[in-house]
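The structure appears below as structure tokens.
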């Protein structure tokens, strides 16, 4: 029964992530919305794995969360790099980084 609550929570978080992607052109907000959608899909995958295998999922959770933490750290490093060079955070202007 608790699996249904986690499934509903992951679907709601995925919808919030997709809404953030659609609503904003700011790089950081878009990237964090993508991260929220990826974590929601990860949570749904973990719930489905636990429900179907009915086994120990601690190692799977640790692997998925470490990947999410690495993605977030890479995002922050990229953001600091862009802020250092005073690049606009509007995703429509990111093509100017080539020059």
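So here's what we get for this one:
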{"item": "Residue match in the stretch 57-65 (condition: surrounded by 14 or more Cβ atoms within 10 Å (Cβ to Cβ), closer than 30 Å to residue 1 by Cα and modelled with pLDDT of 80 or more)", "result": "no"}
{"item": "So residue 12, is it in contact with a helix residue (DSSP H, G or I) (Cβ under 9 Å, 6 or more places away or on another chain), at pLDDT 85 or above, loosely packed, with under 13 Cβ neighbours inside 10 Å and part of a helix (DSSP H, G or I)", "result": "yes"}
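Here's the yes/no breakdown for (1) surrounded by 15 or more Cβ atoms within 10 Å (Cβ to Cβ); (2) in contact (Cβ under 8 Å) with a residue 60 or more places away in the chain; (3) assigned to a helix (DSSP H, G or I):
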| residue | (1), (2), (3) |
| --- | --- |
| 5 | no, no, yes |
| 8 | no, no, yes |
| 30 | yes, yes, yes |
| 37 | yes, no, yes |
| 47 | yes, no, yes |
| 68 | no, no, yes |
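The values are calculated or read from the model by the stated rules, or taken from the named source; none is laboratory data. All values reported here derive from a predicted model rather than from experimental measurement. Glycine gets a Cβ as well: all are built from the backbone with ideal geometry, and neighbour counts include every protein chain shown.
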